[in-house]
Structure formats: structure tokens, C-alpha cells
Amino acid sequence: MQEENYLKKELYNLVKTDSKIFDFIQEGSLDGIWYWDLEDPKQEWMSERFWRTFGYDPSSKKHLASEWQDIINQDDLQVAIENFNKHLANPNHPYDQNVRYRHKDGSTVLIRCRGMAIRDENAKPIRMLGAHTNLTQIFKRYEKSLSSAKQEHQRVFEAAGLGIARVGLDGRWLEVNDRLCEIVGYSKEEFLQLTFQDITHPDDLDNDLTYVQQMLDQTIDHYKMEKRYIKKDGSIVWINLSVTFAFDE
């Protein structure tokens, strides 16, 4: 068994004997702490950082559970309540979820909310300790990065010298580029009213659908084939088709 580090013991003692150490830890590493009396559920202590994260003056807020329940997203509150009840019933079930709060200025604050039940000698939950981590800026950077990636995808999609398309599982065209429109003679608007079956030569359709079913059955993850498309003017064009799954974010 690994020996407990003396610095860890020292820090524990400092936290117990010097409130400034506790204040530094909770202010410097977290975006809010709350401590809830499960025997008197109206009563809940929230740290000053808890309220400042949502744009409120802590002195204007009471230490009551009802104070924050009006500013949390109500759908997310239901998820938190479900996890709370499961955690009380089973300590191994984590109380850990991302929830949205409404900032005082009307914006949305994304919070990772974690907690643990404090139990008495009979394992009855009597208190709940929680910690908040503000994920808003991380999420905004992710959204910005995702937006840039989508823009680059769209640029490549449209500029490609090959015909490219996205097709739904029902066979409907979801997105086509200019080159595919040139090859088959349909406009983008016309494409979106069709399925790939509508323009596939009947003699090639069975093979195509067989491959699609194999992909759905996960026996293959892509396929290639030569096939014929029926152009808008009724003529036939041969293509080399390559198909793979694409997943939405």
C-alpha cells in the first residue's frame, strides 16, 4: 500500500485549522460550492463564487435551495434530480452532469455539477456537497472550432472536382455539390426532391441496395461499384461510386 504523502496530511490539517486555506482552494479551483441539508431541504449554503459565476451579488441572495432553482434550465434540473435520487440510493452512482443556468444578463452558463452525499453512521444521506465548474468558455471555443471546420468542409465539398453527396438512410438526397448536378443534370433543389433509387438504373439497383443493407448490418463499412445514373434528359451516365457512412455531430 502506498504511504500517504506528508504534504497531503499537512494540507488536510491546514484546511481544518485555517479557513483562509479553504477559501483559497474553493475560490481558486472551482466556480462554486454548495452544501445542502437533506434533513431540512430548504437550507443550502452557496459560496460567493457560486453566485458571482451567474452575475449576482452574493449579498443579495439567501442560502435557500429555492434561490437557484429559478435560474437553472428546467430540463437539466430534471436530469439532476434523477441523478440525485439514484446517488442517494446507490453511492456508486455518480452525481455528475452538465447543466445550463441563466446568467443575470440573460446569457447561458454551462456548468459541470458534481456532488457527493454525506451519510451518517447508518448510511443515511444527511448532507449533500456539490462543486461547480464553469464550462461556458470551453464550449464556446469548441463551437467556434466546429463552425470553422464546417465552413472548411463546405468549401471543399463545393469546390471538389468530383460529384459528392450526402444521402439519408431513407435514400433521399440531403446535400449535393455543383459537380454532381453537372453530371446528372438536376439542380440542387430538384435533387432534394428525389431519392438515389429514382436516378439509379434499374439493372444496378439490386446490387446497390444489397451493399447498403450490408453497411446497415455492419458487415462492411464502405463499398465501391460501377453503376449507371439516369440523367434528367433520360440519357445514361456511368459513374464510379464510393460510399461510406457519415455521422452528424
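Would you work out the relative contact order for segment 158-244, in percent, from Cα pairs under 8 angstrom that are 6 or more residues apart?
Working: 120 pairs, mean separation 19.4, N = 87.
It rounds to 22 percent for segment 158-244.
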Checked against a 25 Å limit on the C-alpha separation, the offending pairs among LYS61/LYS144; LYS144/LYS224; LYS188/LYS231; LYS150/LYS227; LYS104/LYS140 are LYS61/LYS144; LYS144/LYS224; LYS150/LYS227
Counting only DSSP loop positions in segment 175-249, the chymotrypsin sites (Phe, Trp or Tyr not before Pro) whose Cβ has at most 16 other Cβ atoms within 10 Å are PHE245, PHE247
Quick calc, ALA149 & ASP70: beta-carbon distance into FRET formula, R0 30 Å, rounding 0.05, result 0.25
Measuring from the longest principal axis of the C-alpha atoms of the chain, the long axis of helix 6-17 (C-alpha) lies at a number of degrees, nearest 10, equal to 60 degrees
Candidate cut points under trypsin sites (Lys or Arg not before Pro) in segment 18-50, DSSP loop plus at most 14 other Cβ atoms within 10 Å of their own Cβ, are LYS42
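Given the C-alpha atoms of segment 31-140, compute the convex hull and give its volume per residue in Å³.
Working: hull volume 10.5 nm³, N = 110.
Hull volume normalised by residue count: 95 Å³.
Assuming R0 = 25 Å, what is the FRET efficiency of THR219 and ILE239, from their Cβ-Cβ distance, to the nearest 0.05?
Details: r = 24 Å, r/R0 = 0.96.
It comes to 0.55.
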Longest principal axis of the chain (C-alpha) makes with the long axis of helix 74-89 (C-alpha) an angle, in degrees to the nearest 10, of 60 degrees
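Between LYS20 and ILE81, what is the FRET efficiency for a Förster distance of 41 Å, r being their Cβ-Cβ separation, to the nearest 0.05?
Step by step, r from the Cβ atoms, then E = 0.70.
Kindly give Rg over Rh for the chain, based on alpha-carbon atoms, with the Kirkwood expression for the hydrodynamic radius.
Working: Rg = 28.7 Å, Rh = 23.7 Å.
Using only Cα positions, Rg/Rh for the chain is 1.21.
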Proxy exposure order for THR219, THR53, THR136 (fewest C-beta within 10 Å first) is THR219, THR136, THR53
Assertion target for VAL167, VAL184, ordered by fewest C-beta neighbours within 10 angstrom first, is VAL167, VAL184
Total charge of the residues flanking HIS201 in space, meaning their Cβ is under 9 Å from its Cβ, with Lys and Arg +1 and Asp and Glu -1, is 0
Nearest 10, in degrees from 0 to 90: the angle of helix 202-216 to the longest Cα principal axis of the chain is 20 degrees
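Within 10 Å of each candidate Cβ there may be at most 12 other Cβ atoms; applying that plus a DSSP loop requirement, which GluC sites (Glu not before Pro) in segment 11-80 survive? Before the final figure, lay out the partial values.
On the way: sites: GLU27, GLU39, GLU44, GLU48, GLU67; in loops: GLU39.
For GluC sites (Glu not before Pro) across segment 11-80 that sit outside H, G, I, E and B with at most 12 neighbouring Cβ atoms in 10 Å, the list reads GLU39.
Rule-based calculations on the coordinates, nothing more; no lab input. Bear in mind the structure is a predicted one, so any value in this text is a computation, not a measurement. Note: ideal-geometry Cβ built from the backbone for every residue, glycine included; neighbour counts use all protein chains shown.
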